[in-house]
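Accompanying notes for the structure given below.
The values are calculated or read from the model by the stated rules, or taken from the named source; none is laboratory data. Everything numeric here is computed off the predicted structure, so don't read it as measured data. In this analysis, Cβ positions are derived from the backbone assuming ideal geometry, glycine residues included, and neighbour counts consider all displayed protein chains.
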Amino acid sequence: MNVLGIETSCDETSVGLVDETGNVLANVIATQVDIHARYGGIVPEIASRQHVLDIRPVCEQAISDAGIDWGDIDVIAATHGPGLAGSLIVGLNFAKGLAAALDVPLVGVNHMDGHVYAAWADPGGRGGDRSGETGLKPFQRDVGVKPIMCLVVSGGHTELVLLEDHGKFRLLGETRDDAAGEAFDKVARVLGLRYPGGPEIQRVAEGAPETEPFPRAWMRGTDEFSFSGLKTAVINRARKLGVYPRNSPGDEVDPGVVAGMARAFQDSVVDVLVTKTVAAAIREGCAGIVLAGGVAANRQLRETLVARSPVPVAVPPVAMCTDNGAMIAMSGLVNFRNGRLDDWDLDVIPNLRIGSTAAP
Ligand code: KG4
Ligand code: ZN
């Protein structure tokens, strides 16, 4: 059995394929990052239009990479939320058209479930890249899932979620303001770095000398997070050190100052995320931890969590942390196995919550 997964919730058009045991057969990603970089963030209408242009060639490439024919697809899975409405509509309707044409079932996938299930897909299958993979056994050898603590950190979400059984999520806490990735992106902008900010902050922070630390927002007694105070602290220090605001975009700033601030910012975010995730995993008696979402690509976050966790940590390879179709195919396979098929009236839900199939 082959499951095709379609992801268009944000600024990546991606189609992936997994087989019935979760081997990744293909994972093609057309990123729009360069198109949006000139605006310093995602422009929703441009994103939707680019998905329209890219979805068919990306899908054809995935099928060709997997070495299969259209007739070998047994299930079509597509992200139907959360995300940008216009972007989601492109992928979901393409999925409906394909499912109708091939006469196969349609399965809607929650994008956040998809991020978590990236840790179960086996990227060594055929289409994937194994670099950076650690921890828990791949899906096909790990059906008896015990409670697993999932930290899902992306551009739009920062959530601690308990995976109680396959496909069964319980949201324990989330950010009260900015998402972790959003904080990386906003702070990068203040420091004069390119969009998306996460990889840029990681790059300049590496090897930077230790500077005065930024505060940590612990939100004690809760599983919640807050990053807006940290963002304000960065802005205040950047003003004091003459890094922000710049009079014109080309203004030179001291790269040493920027690197030191990037490092102190990254240290603060990673410390809070790791400390709270490990504490929650111990409290809930978890058998393991899954780190997922675009920010899980961050090297320091990955390494610190692995070093500080008393239980095994699964982190998908970098290419499967940011938005991709293989993770949607994997999550679609789990939904299909749980009998969660959808009808033609499946709608996009831009504010869909993890652990839910309906609008809040
Ligand atoms: O999951 P994702 O691809 O898209 C959303 O669903 O939001 O996550 C994108 C986010 C962006 O905020 C980006 O800056 C962040 O992930 N990100 C990183 C790194 N790579 C991507 N943040 C920190 N370090 C990285 N290496
Ligand atoms: Zn995402």
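Side notes on the structure shown:
- Per the listing S9, S14, the residue uniquely assigned to a loop (DSSP other than H, G, I, E, B), at pLDDT 95 or above and within 16 Å of ligand 1 (Cβ to nearest atom) is S9.
- Selection within segment 84-94 - within 16 Å of ligand 2 (Cβ to nearest atom) and either hydroxyl-bearing (S, T, Y) or touching a Pro at 6+ places or on another chain (Cβ under 6 Å) (or both): L84, A85, S87
- Residue tally, condition over 18 Å from N324 (Cβ atoms) and in a helix (DSSP H, G or I), over segment 70-97: 9
- A296 being in contact (Cβ under 8 Å) with a residue 12 or more places away in the chain, in contact with a Cys (Cβ under 6 Å, 6 or more places away or on another chain) and of a type in the set (A, V, I, L, M): yes
- Of all residue pairs spaced 6 or more apart or on separate chains, those with beta-carbon atoms under 6 Å, a first member in segment 329-347 that is more than 13 Å from G108 (Cβ to Cβ) and a second member that is in a loop (DSSP other than H, G, I, E, B) are M330/G22; M330/W120; M330/A121.
- Condition check for R203 on (1) under 20 Å from V295 (Cβ atoms); (2) touching a residue at least 12 places away in the same chain (Cβ under 8 Å): one failure, at (2).
- For segment 274-302, the candidate set comprises residues that are assigned to a loop (DSSP other than H, G, I, E, B) and more than 8 Å from ligand 1 (Cβ to nearest atom); within that set, the residue that is surrounded by the fewest Cβ atoms within 10 Å (Cβ to Cβ) is G285.
- Segment 100-115 residues that are polar (S, T, N, Q), paired with ones that are within 16 Å of ligand 2 (Cβ to nearest atom) and in a strand (DSSP E or B) (beta carbon under 8 Å, 6 or more apart): N110/T79; N110/H80; N110/G81
- Residues of segment 306-328 that turn out to be touching a residue at least 60 places away in the same chain (Cβ under 8 Å) and of a type in the set (D, E, K, R), as a count: 1
- Of all residues in segment 264-280 being touching a Pro at 6+ places or on another chain (Cβ under 8 Å) and not hydroxyl-bearing (S, T, Y), the one that is farthest from ligand 2 (Cβ to nearest atom): A264
- Positions within segment 174-202 being more than 24 Å from L162 (Cβ to Cβ), within 14 Å of ligand 2 (Cβ to nearest atom) and among the charged types (D, E, K, R), in sequence order: D185
- Criterion: more than 16 Å from ligand 2 (Cβ to nearest atom), of a type in the set (G, A, S), modelled with pLDDT under 95 and out of contact with any Asp or Glu (no Cβ under 7 Å at 6 or more places or on another chain) - qualifying residue of G40, G22, G67, G97: G40
- Single residue of segment 93-115 satisfying the filter (within 12 Å of G5 (Cβ to Cβ) and within 16 Å of ligand 1 (Cβ to nearest atom)) that is surrounded by the fewest Cβ atoms within 10 Å (Cβ to Cβ): H111
- When R203, R237, R246 are checked against the criterion of being more than 14 Å from K186 (Cα to Cα), in a loop (DSSP other than H, G, I, E, B) and among the basic types (K, R), R246 stands alone in meeting it.
- Conditions (1) part of a helix (DSSP H, G or I); (2) away from ligand 1 (no atom under 15 Å from the Cβ); (3) of a type in the set (A, V, I, L, M); number of the one not met by A47: (2)
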